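Notes follow the structure.
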Amino acid sequence: MNKKKDILSLDEFGVEQISELLVQTDSFAEILKRDVKKVPALRGKTIINLFFEYSTRTKVSFELAAKRLSADLINFNASSSSLNKGESEIDTIQTINSMKNDLIIIRHGDSGYINYFAKNVAVPIVNAGDGKHEHPTQALLDLYTIYKNFESLTGLKIAIVGDILNSRVARSNIKLFGKMGMDVTVVAPSMLMPENFAGFNTKFANNIDEVIGDIDVLYMLRMQFERQERKYYPSLKEYNRFLSLNLARFNSMKKNSIVMHPGPVNRGIEISGEVMDIKISNTDKIKINTQVSNGVAVRMALLYYALS
Amino acid sequence: MNFGNLKSKSKENILIRNGCIINPKAQEKYKADILVLDGIIKEIKKNITCESADNIQEINAEGLYVCPGFVDMHVHLREPGNEEEEDIESGAKSALRGGITSMACMPNTLPVIDSCYLVEYIKMKAREIDYNVYPVAAITKSLKGEELSEIGLLVNSGAVAFSDDGKGVQNSRLMYEAMRYGKQFDALFILHEEDDNFSNGGIVNEGYYSAILGLEGISNLSEDLMVQRDIMLSKISGARIHITHVSSARSVELIYGAKADGVNITCDTACEYLFFNDSILTNYDTNFKIKPPIRSESDRLAIVEGLRNGTIDAIASDHAPHLLLEKNKSFKEASFGSVGLETLFKASLTKLFYEENLSLEKIVALISLNPAKILNIEGGELKTGSIANISVVDIESENIYSKDSIISKSKNSSFIGQKLNGEIMYTIVNGKSGFSNS
Ligand SMILES: [Zn+2]
Ligand SMILES: [Zn+2]
């Protein structure tokens, strides 16, 4: 029997395999441009969308991807009270394990728990985000978006700005971008960085102005003041001064550079209202909507990979 | 494999032949027989002949090592309150399986051991099974860190030491008053060093692995700051302090300095800290979720060095039983702690003897004589006239440690799947066969 193809992170994928996935995503993106946006690639397969943590965007994106591939998709409501969290989650997994299915997409709020599930079910697991750990499909869709905008990935300068400490998107992207030969700088204040930053093998800056004029890709992370577990960052005013993308900074960016964000954007926090307002008119530079549409194609490619 | 009848009061006659005796006090080993009559060590010499008593049980210890019964100074027995995880009797069995004949149990039970009647309850339960359990009482009432327990009365009722294990006393003034008052009774303080401001919300060591795994970190500062504080408080108050489960390099360094400075301080580490580093977290196995967290390799090396040069006086298990239910959760939600009575000797032997070349005499001192001296209790020596507490061990065997072999009610061991050297062959407790591995 072949080893089941879990996608818990992109660590196991080599550069060539990633490149192949990008090319495959192209063909799925083509399908999405057709009138009939559907292929029979996964007809007869049953996929379960299991979200222990609330997220409409990612859930919908996976659902579209599965349906475009003609798979049957079951959304499983897995909300559980914090009181019986661990037990009810194990029960849910056991229930789902006993149902007929071919693949399970899981999101969970705690780092690493999906790795545990993967060990206890027979079908492939796709990680749709686990705690502060990994978000591999987001990383690949971000890479794909960059890949479609530049001739080569090697040497591209990217700055990832904001709350690195609490971001699974940052963890997955830093690893993937580095693997693909990009020149990554992380921009964050001390309290929004892991203390042992050296492990990430990136450059480091404290403030967005150090990098803004020199980069090809500006990747802004969500900053959720209210969700910081340890509230050490002083204020929004301070954040705006050192880390936000405002119009002046936007205008100082290089000619062919792009702006990305995993969404949803907190207007006035990571990105100012003025910049958000030109998002519609300037789609060449601000790629936030493109990321969302690329997400479906990338997830089609990954689901197809895991089930073929 | 069988356990003796713990509840029987009758002492036994045992002759251990041809073993190699380990004497941790003199740091020597030599071949000899040991004769136990009516539970008391009568003779230790070569070729003992014994016609006087019949019904002598003979143990052939050829190729085995005969050690003073091991002493574990940091154990959670969960009784009263959480007997489904462990109770005093099941804990004693687990301990006998590990060659341990005496243990000090921590007060974070339900209710907390902060009153004399609870100290007496533990002692009574231990007497019923003729096992040596030494209750440690809480420094503060209900472990709340707000008011001191009745330290004087608790000393009188037989509390062997005082600890707010599991939490640590956050209030420096209260800790200082506890030490000044405890000094009047020559009380020993066993200190769990944790600054909550650095550890709240944290689940693993703050370092490279917490960063890449997305798990909240607990900085070494959480421990180091409190060790430094308590060294200063002890120096000023003169109280006897014992830092338990030392896990960080800087704490070892601070304690080394304090000893040189004449502070009345000793310390222990637990097996996990000398055996593992935080790279084992990558599979998110919740049996590795313990407090203090398993630290980096440089910390582990400092712990080993501290054991070698005598800065660290003892190794304890910090046996912390939890039901599967509490561990089959995400890393964030799972409980802290791992069981350890049954692996105290094996894990120490595997790392320290086979990898780090510490002598067997030294290792045995770390898990018998030294903790007995710190607690000021019987044990840690084999001498004629004293009650027989003896562990007979094989150091040659090598096995993959399995969950199925665990005797404790709880199976949350960090050593499951590890290759461990050594095996406990016989444990004699209070002059009776407690455990035999045949
Ligand atoms: Zn503790
Ligand atoms: Zn403890």
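For region A:166-307, the dipole from Cβ point charges (+1 on Lys and Arg, -1 on Asp and Glu) about the Cα centre works out to 320 debye, to the nearest 20.
Close Lys pairs in region A:211-308, defined as Cα atoms under 29 Å apart and 8 or more places apart or on different chains, number 12. Rounded to the nearest 500, the 222 nm mean residue ellipticity of the protein assembly as shown from helices alone is -9500 deg cm²/dmol, with -39,500 (n - 2.57) taken per DSSP H run of at least 4 residues.
Label positions at B:ALA260 and A:ASN251, each projected 7 Å from the Cα along the C-beta direction, are separated by 6.3 nm. Other residues within the sphere of radius under 13 Å centred on the Cβ of B:PRO24, judged by their own Cβ, net out at +1 (K and R +1, D and E -1). The label-point distance for B:ASN437 and B:ASN197, in a model that sets each label 7 Å from Cα toward Cβ, rounds to 4.8 nm. What is the local net charge at B:GLY379, summed over the other residues whose Cβ is closer than 14 Å to its Cβ (Lys, Arg +1; Asp, Glu -1)? Overall, the nearby charge balance is 0. In plain terms, the bigger the Kirkwood radius, the slower the diffusion; for region A:209-308, with that radius from Cα pairs, at 37 °C and 0.692 mPa s, Stokes-Einstein puts D at 218 µm²/s.
Would you mind checking the pairs B:LYS31/B:LYS351; B:LYS327/B:LYS432; A:LYS38/A:LYS148; A:LYS179/B:LYS291 and listing those with alpha carbons more than 29 angstrom apart? In this structure, B:LYS327/B:LYS432; A:LYS179/B:LYS291 exceed 29 Å between Cα atoms. Taking all Cα pairs closer than 8 Å and separated by 6 or more residues, the relative contact order of region B:1-117 comes to 23 percent. Along the axis of the charge dipole computed for chain B (Cβ charges of +1 for Lys and Arg, -1 for Asp and Glu, origin at the Cα centre), the listed residues B:ILE265, B:ASN82, B:SER386 are led at the positive end by B:SER386. Per-residue shielding of A:199-206, expressed as the average number of other chain Cβ atoms within 10 Å of the residue Cβ, stands at 1. Its Cα gyration tensor gives the protein assembly as shown an equivalent ellipsoid. The semi-axes, each the square root of 5 times an eigenvalue, are 57, 29, 22 Å from largest down.
Cβ under 10 Å from A:MET276's Cβ, A:MET276 left aside: what net charge do those residues give with Lys, Arg +1 and Asp, Glu -1?
Result for the local shell: -1.
With a threshold of 19 Å on the Cα-Cα distance, the over-threshold entries among B:LYS7/B:LYS125; A:LYS45/A:LYS132; B:LYS25/B:LYS93 are A:LYS45/A:LYS132; B:LYS25/B:LYS93.
With a simple spin-label model that places each label point 7 Å from the Cα along the Cα-to-Cβ direction, the separation between A:GLU274 and B:LYS46 comes to 9.6 nm. Here chain A is treated with +1 on each Lys and Arg Cβ and -1 on each Asp and Glu Cβ, and its dipole about the Cα centre works out to around 560 debye. Assuming charge only on the beta carbon of Lys and Arg (+1) and of Asp and Glu (-1), the dipole of the protein assembly as shown about its Cα centre is about 2000 debye to the nearest 20.
Per-residue extension of 0.36 nm, minus the Cα-Cα distance of B:GLN27 and B:LYS183, leaves a gain of 53.0 nm for this segment.
Placing a label point 7 Å from the Cα of A:GLU238 along the Cα-to-Cβ direction, the residues of region A:139-174 whose backbone N falls under 16 Å of that point are A:162-165. Coordinate range of the alpha-carbon atoms in region B:69-375 per principal axis, descending: 49, 41, 40 Å. For a 18 Å ceiling on Cα separation, which of these pairs sit above it: A:LYS175/A:LYS203; B:LYS167/B:LYS259; B:LYS9/B:LYS46? Checking Cα-Cα distances, B:LYS167/B:LYS259; B:LYS9/B:LYS46 exceed 18 Å.
Here, each number is a calculation from the coordinates, and none is a lab measurement. Keep in mind that what you see is a predicted model, and the values were worked out from it rather than measured. Positions of Cβ are backbone-derived with ideal geometry, glycine not excepted, and every protein chain shown enters the neighbour counts.
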